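Student: Take this structure, written in structure tokens, and hold onto it; I'll ask about it next.
The values are calculated or read from the model by the stated rules, or taken from the named source; none is laboratory data. Quick caveat, the model's predicted, so the values are computed rather than measured. So basically every Cβ, Gly included, is an ideal-geometry build from the backbone, and we count neighbours across all protein chains shown. Side chains are part of the model used for accessible areas, which takes the heavy atoms of the whole protein and leaves out ligands, DNA and RNA. Shrake-Rupley method; radii C 1.70, N 1.55, O 1.52, S 1.80 Å.
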Amino acid sequence: MEPGYYAEMDPAKRAMLLTALYMAQEQYGYLSREAMERVGRRLGMSPREVYNTATFYSMFRTEPVGRYLIQVCEGLSCHLAGGAEDLVAHLEDRLGISAGQMTGDGRFSLQMVQCLAACGSSPAMRINDTLYTNLTLGQVDTILQDLEGRP
Amino acid sequence: MPNVRVTINGVEAAVPANITVLEAAKFAGIEIPTLCDHPAIEPIGACRICLVEIEKQRTLQPACTFPVFEGMVAHTRSEKVVEARRFVLDLLFSERNHFCMFCQMSESCTLQDLAYEYELDHWKFNRPMPKFSVDASREYFVMDHNRCILCRRCIRVCDELVGNGTLGLKNRGADSMVTADMDVPFGESSCISCGTCLQVCPTGSLADRASAYMGATAQIDRVKTRCMACPVGCGTELIVRENRVIRVEGDWDAEPNKGLLCEIGRFVPLHEKRNRVRQPMVRTDGDWTEVEMEEALGLMNEKMREAGDDVATIVSGFVTVEEGKALAQSPGAKYLMHPIASEQSTAKQADLDEADLFVVVNTDMTEDYQVAGFAIKRGVRQRGARLLLINDAADGEAADGEAADGEAADGLGDWAMRRFGPEDANQAVSIARGAQMPVIVAGPDGAKLATELADQIPDAKVLIYTPGGNSRGLYEVGFQEAFEGQEAAVYHVVAGEISRISPELLEQLRQGGTVIVTTSYREPWDEVADLIVPMPTTFEKSGTTVNADGMVGQVVVGVITRAVPTNEIFNSLAELAQ
């Protein structure tokens with residue numbers, strides 16, 4: 001589905017901005033300059049306005065991320081469950097990068113996020129659109145092994 | 001509009017029902033401090049310095065956005081209010097670098113004035129002291145993010161008043177930052193250097209290169225006058241210190257510009273690189289010699305007497321009506337340096353702010369007549385007005401290589417709904433027929449087509465701009481013919497500050513005849529003249545100017561010079577004709 005699809009449905013085009021940005025991010029993994037310019041053209045907004053909005057929301061990315069984006073929760077519950085810090089340290093060790101970085105081959109990005117709305121089953125992390133809960137370090141290894149075998 | 005009764009600080013007043021507490025307080029003669037609010041733009045209630053106590057309201061309310069209501073009782077200086085404002089200032093001062101003593105805006109800064117008024121004598125909070133970059137990529141002014149309080153005035157004037165929309169805010173909360181376009185250096189952005197952001201900045205964040213550290217509020221005078229660079233005829237305020245203009249600002253009270261100026265009106269005169277003419281100069285055997293005014297006048301009279309009526313006087317738009325009247329009495333033919341068609345205008349410039357459709361014919365309103373161009377951009381962006389462009393470049397057959405793709409020829413291209421070549425003008429007519437208030441704007445080359453179009457579009461008004469700030473005023477005192485290469489024994493060019501001169505004119509002057517130029521600057525006239533006579537700039541003279549729609553403006557002396565007033569020189573020429 002093209003972002004323009006919604007624009008034609010809704011007379012208040014700019015109300016569709018967040019939806020359009022979300023779709024663009026789904027498609028390309030992040031919001032490139034070109035993607036933001038294109039969204040702006042379709043919605044009758046300047047690239048500047050689109051850029052300002054995209055940077056306002058922390059879940060829009062304006063820089064490329066790896067094929068697999070690993071987001072580890074460092075929210076209160078995950079922190080109290082005693083898992084978050086160990087989890088991150090383990091992931092950093094396994095991937096050879098620090099939180100906030102991407103592996104050299106562009107396959108994995110590691111990020112800290114505030115809450116994944118899984119407080120009841122902490123510690124939690126998200127990889128792309130899949131949520132993993134009640135994690136142990138052993139499970140993390142299994143998950144990574146699985147991903148490493150995938151394209 | 002019905003009135004409501006309000007009580008502010010015990011003062012009772014009847015005020016219009018549709019205004020804010022801030023405006024109501026002004027009615028009652030009570031001042032409320034503001035930082036993000038500015039009378040020329042919409043209020044956003046961001047900075048919280050205007051917080052006031054309104055009875056029956058749970059919390060303090062920002063006066064700039066809160067509407068008045070019947071029976072409202074407000075307190076603008078209660079203990080609670082003062083405490084809240086001090087807290088706001090404590091927060092503002094803790095966020096970035098506000099060491100006033102190092103700032104070029106010290107003693108001319110709203111933020112600093114408030115800090116003194118609310119007695120901030122120490123930093124209440126620890127400061128993270130982030131080190132931000134200074135963006136000095138623009139020619140005339142710089143942006144120091146360390147002094148920015150994120151009031152967004154610059155962003156809003158760029159969007160709401162200038163219609164350019166270059167500036168914006170990236171990120172969120174404490175990470176927020178004023179940026180240009182998609183976060184590029186300001187000098188590489190779509191910024192057109194109109195300087196409106198600079199004029200409204202309430203801190204030292206936007207700093208003018210020419211006037212930084214040159215004079216604080218208490219040391220300067222403000223002189224309201226007119227810009228003569230183009231026929232929009234903007235009202236300006238000269239910021240003068242010790243008989244020197246250090247900065248030019250737009251006059252918020254003046255029509256038609258209402259505070260706005262363009263690069264040419266605001267910055268160019270203060271960054272002039274050409275050599276000023278202070279003393280008359282005579283060319284003998286190719287060398288220039290300075291002479292006394294008496295000698296120069298003698299020479300001028302002699303040359304003109306010899307030529308009899310074979311004299312061509314050519315005036316630029318920098319000549320006032322008074323100077324023009326005196327020159328009109330001198331011998332020979334009288335010409336305008338540029339063709340004039342503004343007298344055919346039927347629209348007022350104020351109509352640009354009402355129009356629902358613009359047809360712009362053969363002129364680039366982002367190059368020339370820029371402040372009128374701002375009104376067109378505003379109309380398109382904010383009122384949804386339609387813009388049709390008709391120019392020679394639109395059909396892709398322009399002789400000029402740069403314009404061949406139809407893009408470079410008109411900076412308004414991004415704003416336009418359709419573009420046409422002149423031969424397709426009838427298509428524009430069919431679109432324009434449905435408009436309620438169409439305005440056709442044209443440059444000198446489009447005047448004829450514009451008037452023809454106006455006959456075909458119901459209710460269409462025409463506004464014609466031709467180069468030269470006072471061309472219309474000079475037309476009215478008898479300069480009705482444009483100079484198109486007519487030959488004469490003596491040419492008297494009265495130039496003022498004009499810098500863009502057609503190569504054809506210079507070439508003809510180089511060819512022959514005696515060339516006398518009355519001018520403020522040597523270049524480029526020293527290539528072609530035999531005698532150069534000094535002329536005051538717009539900053540240095542008084543007089544009258546008439547803009548494109550016929551409005552009369554007063555040019556007022558900002559700087560006093562020793563130069564002989566041009567009227568005296570020109571009157572002496574008039575005696576020759578008798």
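Student: Hey, if you drop one equal point scatterer on each alpha-carbon of the protein assembly as shown and run the Debye formula without solvent, what base-10 log of I(q)/I(0) do you get at q = 0.12 Å⁻¹?
Tutor: So the normalised log intensities are -1.39.
Student: Specify the inter-centroid distance of the stretch B:162-223 and the stretch A:112-151, based on alpha-carbon positions, in whole Å.
Tutor: Result: 46 Å between the Cα centres.
Student: How large is the charge dipole for the protein assembly as shown, taken about the Cα centre, if only the Cβ atoms of Lys, Arg (+1) and Asp, Glu (-1) carry charge, to the nearest 20 debye?
Tutor: 2500
Student: When every alpha-carbon pair in the stretch B:1-130 is counted, what percent end up more than 23 Å apart?
Tutor: Values: 3072 of 8385 pairs.
When every Cα pair of the stretch B:1-130 is considered, 37 percent fall beyond 23 Å.
Student: Accessible area drop of at least 40 Å² (1.4 Å probe, protein heavy atoms): which residues of the stretch B:171-187 qualify, relative to the chain alone?
Tutor: B:ASN171, B:ARG172, B:MET182
Student: Moving on. Rounded to the nearest 20 Debye, what is the dipole magnitude of the stretch B:442-578 about its Cα centre when Lys and Arg each give +1 and Asp and Glu each give -1 at the C-beta? Kindly include the intermediate steps, with their values, before the conclusion.
Tutor: Working: 8 positive and 19 negative charges, 85 e Å.
Result for the stretch B:442-578 is approximately 420 debye, rounded to the nearest 20.
Student: Report, in degrees rounded to the nearest 10, the 0 to 90 angle that the Cα long axis of helix B:293-307 makes with the longest principal axis of chain B.
Tutor: 50
Student: Oh, and also: Among A:THR103, B:THR537, B:GLN511, flag the residue with its Cα farthest along the positive direction of the charge dipole of the protein assembly as shown, charges on Cβ as +1 for Lys/Arg and -1 for Asp/Glu.
Tutor: Farthest along the dipole direction, towards plus: A:THR103.
Student: Post the alpha-carbon centroid distance, the stretch B:441-486 to the stretch B:77-142, in whole angstrom.
Tutor: Using only Cα atoms, the two centres lie 50 Å from each other.
Student: Along the stretch B:163-171, what does the Karplus equation 6.51 cos²θ - 1.76 cosθ + 1.60 (θ = phi - 60°) give for ³J(HN,Hα), rounded to whole Hz, x for Gly and Pro?
Tutor: Once rounded to whole Hz, the list reads x, 8, x, 6, 7, x, 10, 9, 6.
Student: Ranked by accessible surface with a 1.4 Å probe, highest first, in what order do B:ARG247, B:ARG156, B:ARG77 come? Before the final figure, lay out the partial values.
Tutor: On the way: B:ARG247 45, B:ARG156 20, B:ARG77 125 Å².
The ranking, largest first, comes out as B:ARG77, B:ARG247, B:ARG156.
Student: Considering the convex hull of the alpha carbon atoms of chain A, report its projected area averaged over all viewing directions, in nm², one decimal. Please report the intermediate quantities before stating the final value.
Tutor: Working: hull surface 39.6 nm².
Mean projected area of the Cα convex hull: 9.9 nm².
Student: On to the next question. Å³ per residue of the Cα convex hull, for the stretch B:68-212?
Tutor: Values: hull volume 20.7 nm³, N = 145.
Cα convex hull per residue, to the nearest whole number: 143 Å³.
Student: Out of all Cα-Cα pairs in the stretch A:5-56, roughly what percent, to the nearest whole number, are more than 16 Å apart?
Tutor: 28
Student: Leaving out ligands, DNA and RNA, calculate the buried accessible area for the pair B and A with a 1.4 Å probe, summed over both sides, in Å² to the nearest 100.
Tutor: Rounded to the nearest hundred, the buried surface is 1000 Å².
Student: May I pose another question? Which whole-Hz couplings ³J(HN,Hα) result when phi for each residue of the stretch B:317-327 is put into the Karplus expression 6.51 cos²θ - 1.76 cosθ + 1.60, θ = phi - 60°, listed in order with x for Gly and Pro?
Tutor: Result, ordered by residue: x, 8, 8, 6, 4, 5, 4, x, 4, 5, 5 Hz.
Student: Sort B:PHE420, B:PHE66 by heavy-atom solvent-accessible area, probe 1.4 angstrom, most to least. Each step should come with its number before you reach the end.
Tutor: Details: B:PHE420 5, B:PHE66 35 Å².
Highest to lowest solvent-accessible surface, that is B:PHE66, B:PHE420.
Student: Take every DSSP beta bridge whose two residues both sit in the protein assembly as shown, then give the antiparallel share in percent to the nearest 5. All intermediate terms of the calculation are to be shown ahead of the outcome.
Tutor: On the way: 51 of 98 bridges.
Approximately 50 percent, going by the DSSP bridge assignments.
Student: Then there is this: At a temperature of 25 °C and a viscosity of 0.890 mPa s, determine how fast the stretch B:3-77 diffuses translationally according to Stokes-Einstein, using the Kirkwood radius over alpha-carbon pairs as Rh; express D in µm²/s, rounded to the nearest whole number.
Tutor: Details: Rh = 12.1 Å.
Reported coefficient: 203 µm²/s.
Student: Right, something else. For B:GLU290, what charge total do you get from the other residues with a beta carbon under 12 Å from its beta carbon, if Lys and Arg give +1 and Asp and Glu give -1?
Tutor: Numbers: positive: B:ARG278, B:ARG283, B:ARG522; negative: B:ASP287, B:GLU292, B:GLU295.
Net of charged neighbours comes to 0.
Student: Another question about this same structure. Go through the stretch B:48-63 residue by residue and turn each phi into a ³J(HN,Hα) via Karplus (6.51, -1.76, 1.60, θ = phi - 60°); whole Hz please, and just put x for glycine and proline.
Tutor: Values per residue, Gly and Pro as x: 6, 6, 8, 3, 9, 9, 10, 4, 6, 9, 5, 10, 5, 10, x, 5 Hz.
Student: Let me ask something else. Per the helix-only calculation at 222 nm, which mean residue ellipticity applies to the protein assembly as shown, given -39500 (n - 2.57) for every DSSP H run of n ≥ 4 and division by its residues, nearest 500 deg cm²/dmol?
Tutor: Numbers: 21 runs with 196 residues, N = 729.
When only DSSP H runs of four or more count, the value is -7500 deg cm²/dmol.
Student: Then there's this: Short version: what are the Cα gyration tensor semi-axes of the stretch B:494-578, square root of 5 times each eigenvalue, largest first, in whole Å?
Tutor: Numbers: eigenvalues 115, 59, 41 Å².
Listed largest to smallest, the semi-axes of the stretch B:494-578 are 24, 17, 14 Å.
Student: To check you understand DSSP bridge types, tell me what percent of the beta bridges within the stretch B:505-573 (both residues inside) are antiparallel, rounded to 5. Walk me through the intermediate numbers first.
Tutor: Values: 4 of 8 bridges.
That works out to approximately 50 percent antiparallel.
Student: Then there's this: Would you mind checking the tilt of helix A:137-149 against the longest principal axis of the Cα atoms of chain A, expressed as 0 to 90 degrees and rounded to 10?
Tutor: The angle comes out at about 50 degrees.
Student: So which cysteines of chain A have no other cysteine's Cβ under 4.7 Å from theirs?
Tutor: A:CYS115, A:CYS119
Student: List the pairs from B:LYS56/B:LYS124; B:LYS258/B:LYS325; B:LYS348/B:LYS377; B:LYS26/B:LYS80; B:LYS26/B:LYS541 whose alpha-carbon separation is above 25 Å, in the order I gave them.
Tutor: On the way: B:LYS56/B:LYS124 31 Å; B:LYS258/B:LYS325 30 Å; B:LYS348/B:LYS377 17 Å; B:LYS26/B:LYS80 21 Å; B:LYS26/B:LYS541 36 Å.
Violating the 25 Å limit, Cα to Cα: B:LYS56/B:LYS124; B:LYS258/B:LYS325; B:LYS26/B:LYS541.
Student: Hey, any idea what % of the stretch B:3-77's accessible area is carbon plus sulfur with a 1.4 Å probe?
Tutor: Numbers: 1800 of 3640 Å².
The C+S portion of the solvent-accessible surface of the stretch B:3-77 is 49 percent.
Student: What's the magnitude of the charge dipole for the stretch B:3-77 around its Cα centre, counting Lys and Arg as +1 and Asp and Glu as -1 at the beta-carbon? Answer in Debye, nearest 20. It would help to have the intermediate numbers written out before the result.
Tutor: Working: 6 positive and 8 negative charges, 32 e Å.
The dipole of the stretch B:3-77 has a size of about 160 debye.
Student: Right, next: Along the positive direction of the dipole of the stretch A:5-56 (beta-carbon charges: Lys, Arg +1; Asp, Glu -1; about the Cα centre), which of A:PRO47, A:LEU31, A:LEU18 reaches farthest?
Tutor: Final value for the positive-end residue is A:PRO47.
Student: Pairs of Cα atoms under 8 Å, at least six residues apart: use those to get the relative contact order of the stretch B:106-271, whole percent.
Tutor: Values: 276 pairs, mean separation 31.3, N = 166.
Result for the stretch B:106-271 is 19 percent.
Student: Return the Rg/Rh value of chain B, two decimal places, where both radii are evaluated on C-alpha atoms and Rh is the Kirkwood radius.
Tutor: Numbers: Rg = 27.1 Å, Rh = 26.5 Å.
Rg/Rh for chain B comes to 1.02.
Student: Of all trypsin sites (Lys or Arg not before Pro) in the stretch B:278-348, which ones are in loop regions per DSSP and have a Cβ with at most 10 other Cβ atoms within 10 Å?
Tutor: Working: sites: B:ARG278, B:ARG283, B:LYS303, B:ARG305, B:LYS325, B:LYS334, B:LYS348; in loops: B:ARG278, B:LYS348.
Counting only loop positions with at most 10 other Cβ atoms within 10 Å, none of the trypsin sites (Lys or Arg not before Pro) in the stretch B:278-348 qualifies.
Student: Further, regarding this structure: Mind grabbing the accessible area of B:LEU120 for me, 1.4 Å probe, Å², rounded to tens?
Tutor: Surface open to solvent at B:LEU120 totals about 40 Å².
Student: For the stretch A:68-148, what are the per-bin percents of Cα-Cα distances with bins 5 Å wide, up to the bin holding the maximum?
Tutor: Pairs per bin, as whole percents: 3, 17, 31, 28, 15, 5, 1.
Student: Measure nothing fancy, just the Cα-based angle from helix B:447-456's long axis to the longest principal axis of chain B, in degrees from 0 to 90, nearest 10.
Tutor: 60
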